[in-house]
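The structure appears right after this line, and notes come after that.
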Amino acid sequence: MPDVARSDSDRVVDTWVSLYRTAAEGAPLAGYYHRNHCVRLPPGPARSVALPAGTIVKFRTPITEAAQLNLRIWPEGEVLGAIRGRVRGSPRVLADRPGFTVHSFAEGRSLAELAGRDAPVGRAYIDALGEIFRQLATVPPATLPACPDDWPEDGDCAGFLRTLVEFTESEVKGRHGKNHQALFAALRVPDGVFARLLERAHPLGERPFVLLHTDIHRGNLIVGPDGGLSLIDWELALLGDPVYELASHLSRMRYATWAERRAAHRVWCAALRQVNPAALAGHRRALRVYRDFERLQSVHIDVIRLASDFSRCPDKGGRDRVVAGIESVMRAARRPLGTRRVPSRRRIAQALAETAGGA
């Protein structure tokens, strides 16, 4: 990569591998698809990437055994190369080796640490998100990696939603959910919910595609020493309908109040009105559709993940948290699921216990 100093000798390569082995001995930072380890750079590697000795960097190792429950179309390093200098604080790829990559480390603390998981975020941080939304929408699509051959054409928002749905049905429900069919049946998750969503979504409108991060939540927003926000973990980036960015953000940010959700919506509108006003055409109706998709997707992804956690829980407290988590995602998706009632926690616990062998 252009920001990595190349050498004909094996010294630099061996140093990165040696650093990786040392870093991997420590406890990793949390992540679904990567194990992340932080280490301070010794002088040699630091010079090779033009950083001061002692700078903290992050080694990212793919978790090859992780169930692929989210649509991914690009190698993360290629996305980061395309957005370098365009999105504030995005990580810099320092080295790319078989089995791991090395990223610059965003100094600061995550918004999840500062604000907690469910507490109010604060208007200052919501306002700061506007600049991130604006920068995402201004990355020229031509600078991004090539999309898959069957990717929907620019502006085909209905095709974009259909792509999201098809992945969820084939990979999440199909490949990874096949061992959980009895659990979904016990939870009374009806069939055909995504087909009904697509029928209701028609027509979805046409809006120019932009770069989407798709996972802007408290854990991926780093508050720097200056109070500014940096956005990390770009592995789920897509090119698509800009309204989906807002929908996924509202679904995953866990805003504590309706007022904060409304403020985030206004900030997104203001940012897109400035740089891509065509993104606002019909966006309110599209937002409702995408939020329902997020709720339905969450039912399937989170039930699979939580059921796996349940089978490994060593204590009642952990199992109770799993049950509460499933109840929460089922309750949030009640309308798009078309169900009046959510299974009780007792019923959820019973269903998990009965189907734990398949999880």
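The values are calculated or read from the model by the stated rules, or taken from the named source; none is laboratory data. The shown structure was predicted, so the numbers you read here are calculated from the model rather than taken from an experiment. So basically every Cβ, Gly included, is an ideal-geometry build from the backbone, and we count neighbours across all protein chains shown. The accessibility values were calculated without ligands, DNA or RNA, using every heavy atom of the protein model including side chains. Shrake-Rupley method; radii C 1.70, N 1.55, O 1.52, S 1.80 Å.
Descriptive notes on the structure:
- Using equal-weight Cα scatterers in the Debye expression, the normalised intensity of region 14-162 in log10 at q = 0.08, 0.14, 0.16 Å⁻¹ is -0.30, -0.92, -1.15.
- Whole-percent pair-distance distribution, where bins are 10 Å wide, for the alpha carbons of region 23-84: 19, 38, 34, 9
- With each label modelled as a point 7 angstrom along the Cα→C-beta vector, the Ala124-Glu65 pair spans 4.4 nm.
- The lysines within cross-link reach of Lys316, meaning a Cα-to-Cα straight distance under 27 Å and a gap of 8 or more places when in the same chain, are Lys178.
- Integer Hz, Karplus 6.51/-1.76/1.60 couplings in order for region 30-39, x for Gly and Pro: 5, x, 6, 10, 9, 9, 10, 10, 9, 8
- Placing a pseudo-label 7 Å from each Cα along the Cα-to-Cβ vector at Asp309 and Arg288 gives an inter-label distance of 3.2 nm.
- Span from the region 307-332 Cα centroid across to the region 130-197 one, whole angstrom: 25
- Fluctuation leader among Thr61, Thr22, Thr168 - the chain, Gaussian network, Cα springs under 10 angstrom: Thr22
- Probe 1.4 Å - accessible area at Tyr255, Å² to nearest ten: 20
- Ligands, DNA and RNA are left out, and with a 1.4 angstrom probe the accessible area of the chain is 48 Å² per residue.
- Springs between Cα atoms under 10 Å define the GNM used for the chain, and in it the highest mean-square fluctuation of Asp315, Asp191, Asp302 occurs at Asp315.
- Working note: Debye formula, equal point scatterers on the alpha-carbon atoms of the chain, no solvent; log10 I(q)/I(0) at q = 0.09, 0.12, 0.13, 0.14 Å⁻¹ is -0.55, -0.98, -1.14, -1.30.
- For Thr138 and Arg72, the FRET efficiency from 1/(1 + (r/R0)^6), where r spans their Cβ atoms and R0 equals 25 Å, is about 0.65.
- Taken over region 137-189, the ratio of Cα radius of gyration to 2.2 N^0.38 Å equals 1.62.
- Highest mobility in the GNM of the chain, judged by mean-square fluctuation with C-alpha springs under 10 Å and restricted to Phe293, Phe133, Phe100, is found for Phe100.
- Area of Cys147 that stays accessible when all protein chains are in place (1.4 Å probe, Å², to 10): 40
- Remark: spin-label model distance Glu354-Arg334 equals 2.2 nm, labels positioned 7 Å along the Cα→Cβ axis.
- Our coupling estimate for region 332-349, obtained by passing each phi through the Karplus curve with A = 6.51, B = -1.76, C = 1.60 and θ = phi - 60°, is 5, 9, 4, 5, x, 6, x, 10, 7, 10, 9, x, 5, 4, 4, 5, 5, 4 Hz, Gly and Pro reported as x.
- Its residue count N sets the reference 2.2 N^0.38 Å, and the alpha-carbon radius of gyration of region 267-351 equals 1.48 times that reference.
- Integer Hz, Karplus 6.51/-1.76/1.60 couplings in order for region 80-87, x for Gly and Pro: 5, x, 6, 9, 4, x, 10, 10
- With all protein chains in place and a 1.4 Å probe, the accessible surface of region 19-157 carries 52 percent carbon and sulfur.
- Accessible surface of region 191-320, 1.4 Å probe, proportion on carbon and sulfur as whole %: 52
- Orientation-averaged projected area, Cα convex hull of region 211-359 (nm²): 11.5
- Note on Glu25 and Leu51: with the Förster distance fixed at 22 Å, the Cβ-Cβ geometry gives a FRET efficiency of about 0.45.
- His34 long-range amide H proximity, modeled H, under 5 Å: Ile63
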